[in-house]
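Each remark here refers to the structure printed beneath this line.
The values are calculated or read from the model by the stated rules, or taken from the named source; none is laboratory data. A quick note: this is a predicted structure, and the numbers were derived from the prediction, not measured. Here the Cβ positions follow ideal geometry from the backbone for every residue, glycine too, while neighbour counts run over all protein chains shown.
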């Protein structure tokens, strides 16, 4: 059985129109980036205290400042 030119053209057009959304949907997929809410700071020494009223050094002040920033 031989297909007519018109039915072949219709089938080709149908397949192209069907494949375009499929192609666009695969191109629009992106890898999701994970956001981390962690702050890592390298301190030279342990802070002596985290009490606001007793903090007199820069290490304690840096940690307290970053704890309360937000």
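For first residues located in the range 35-63 and at negative phi and free of Cβ contacts under 8 Å to residues at least 60 places away in the same chain, partners that are in a helix (DSSP H, G or I) and surrounded by fewer than 10 Cβ atoms within 10 Å (Cβ to Cβ) and lie 6+ apart or on another chain with Cβ distances below 7 Å do not occur.
Across the range 11-35, what is the total count of residues that are within 30 Å of residue 67 (Cβ to Cβ) and either modelled with pLDDT of 75 or more or surrounded by 10 or more Cβ atoms within 10 Å (Cβ to Cβ) (or both)? Selection size over the range 11-35: 2. Evaluated against (1) modelled with pLDDT under 85; (2) surrounded by 10 or more Cβ atoms within 10 Å (Cβ to Cβ); (3) part of a loop (DSSP other than H, G, I, E, B), residue 48 falls short on exactly one condition, (1).
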